[in-house]
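Participant: Below is one structure. I have some questions about it.
No lab work stands behind these numbers, since they all come straight from the coordinates. Computed from a prediction, not measured in an experiment: that's the story for all the values here. FYI the Cβ positions are ideal-geometry reconstructions off the backbone, even for glycines, and counts take in every protein chain you see.
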Ligand SMILES: [Zn+2]
């Protein structure tokens, strides 16, 4: 059993709120994330910043696409993967009280699942802790767009297809 970052108990995936050196980073990333969620157009630079912050958590950093998941992206294409992301998020993350919340995302087998663990969009607790999107209510359409954008951006970066964001 791999360590789970989903449960409420403390783990290596917790936000490093008590570490002096990261206080400023956490605060600024939080502000940029709010911009990423709220802006009408998805803010790629803010998303990149948020992904970079999440990658500093050792638990998140160890997730990468494996060969079958990379092949899935290569074979089916980014548009199909994005459509799957939208569908999976809508069914498994967006409801106010998702089924099996905290355990609803397999460790892999689909690039979107892998991306969800890497980007802390795997369950509503991780989403609340890392993306400042509260649990206990349905995700808005804009929040779902944001989560899908985060997932697709991480996958693009993994397969080397992401262009640098403009700030
Ligand atoms: Zn989670």
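Participant: How do 73, 150, 81 line up, fewest other C-beta atoms within 10 Å first?
Facilitator: Details: 73 19, 150 30, 81 22.
Neighbour counts put them in this order, fewest first: 73, 81, 150.
Participant: With a ≥ b ≥ c the root eigenvalues of the C-alpha gyration tensor of region 30-158, is it rounded (a/c under 1.5), prolate (a/b larger than b/c) or oblate?
Facilitator: Details: a/c = 1.36, a/b = 1.21, b/c = 1.12.
Here region 30-158 falls in the rounded category.
Participant: Still on this structure, please answer the following. Neighbour counts of other C-beta atoms within 10 Å: give me 62, 135 arranged from fewest to most.
Facilitator: Numbers: 62 10, 135 16.
So the ranking, lowest neighbour count to highest, is 62, 135.
Participant: Still on this structure, I have one more. Sorting 159, 51 on the 10 Å Cβ count, fewest up front, what's the list? Don't skip to the end; give the middle numbers.
Facilitator: Working: 159 15, 51 21.
Sorted ascending by nearby Cβ count, the order is 159, 51.
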